[in-house]
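First up is the structure itself, then whatever we jot down about it.
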Amino acid sequence: KDTQKFIRMKLSGVFIEEKPVDQSWIEKILDPIENGIQLRTWIEEIDSYAKDPEIDGLIIDIGQVHGSWAHFGEIYSALKDFKDAGNTIYVYADQGISNRDYLLVSMADEIYLNEYTGIDLKGIRMKVPFFRGLLDTLLIVPEVFRVEHEGKSYKTAADPLINRKMSDEMRENYSEISDDLYKLFVKNISTGREWDENHTQDIIDNGPYMVPEDAIAAGLADSIMYPD
């Protein structure tokens, strides 16, 4: 056909399960919060585009996306299904692409960066704050009841309140979770970019790519452009 139809959309904001609720004008003044995007509604919209024979592709302006790893997995799957239906995906990053956000658009046919941005791809880490030292200065003694065996416990939800650093059990728990998330992270980026997983790991290990030319050389983006 002589013409093509693309849907341009902004991919950013907080993804939530429940239906967003509009704040009253008083709430907007006293306790302003970002209005969330209902994940199911968003996925249904993408699915409708995939089934529409008049739509040839998406142009995605990628921003900062917030949500759980489960949310990210569903967003990725929806966009991947859209592309697998024979459609094209173009991505433009006016302010760069963060570590997790790159996962979402890794299947894009073409990715363009602003001249002064990059791709902050660097893998996964977990950071846990511990409050026991603060509680001690306030003379607060936390009381926690949990299952233990020989003085050890894998029920570590309250560890930040009763310990000053990670226990071996907590480190083991979090390490296994991190390993699982990292494997999924690598697998989905590899599938999106059509790379071998070992190559993807090498790309991540050499990140981040804060200079756009470096991101392009690594195959993470295609070119530098301004919005116009």
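The values are calculated or read from the model by the stated rules, or taken from the named source; none is laboratory data. Predicted model only: the values in this text are computed from it and were never measured. Backbone-built Cβ (ideal geometry, glycine too); neighbour counts: all protein chains shown. In case anyone asks, the SASA skips ligands and DNA or RNA and just uses the protein heavy atoms, side chains included. Shrake-Rupley method; radii C 1.70, N 1.55, O 1.52, S 1.80 Å.
Okay, here's what the table says:
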quantity	calculated
Residue-level accessible surface for Met126, protein heavy atoms, 1.4 Å, Å²	80 Å²
Fully extended contour minus Cα-Cα distance, from Asp205 to Ala85, at 0.36 nm per residue	40.0 nm
Rg and Dmax [Cα atoms of the chain; Å; Rg one decimal, Dmax integer]	21.6, 75
Distance in nm between pseudo-label sites at Gln4 and Met225 (7 Å out along the Cβ direction from Cα)	1.1 nm
When each of Lys10/Lys183; Lys80/Lys127; Lys80/Lys187; Lys127/Lys155; Lys122/Lys155; Lys83/Lys183 is checked by Cα-Cα distance, pairs over 25 Å	Lys10/Lys183; Lys80/Lys127; Lys122/Lys155
Reach of Lys51 by Cα under 12 Å, taken over aspartates and glutamates that are not fewer than 8 positions away in the same chain	Asp81, Asp84
Angle between the chain longest axis and helix 168-193 axis [Cα atoms, degrees, rounded to 10]	0 degrees
Sparse-neighbourhood loop sites, chymotrypsin sites (Phe, Trp or Tyr not before Pro) in the range 139-208 - DSSP loop, at most 16 other Cβ within 10 angstrom	Phe145, Tyr154
Over the chain: helical MRE at 222 nm, DSSP H runs n ≥ 4 each giving -39500 (n - 2.57), nearest 500	-12000 deg cm²/dmol
Given the chain, longest segment not containing exposed loop GluC sites (Glu not before Pro) (DSSP; at most 13 other Cβ within 10 Å)	55-114
Cβ-defined net charge surrounding Lys152, 15 Å radius [Lys, Arg +1; Asp, Glu -1]	-3
Sulfur and carbon atoms: percent of accessible area, the chain [1.4 Å]	51 percent
Heavy-atom surface of the range 147-228, accessible at 1.4 Å and reported per residue (Å²)	66 Å²
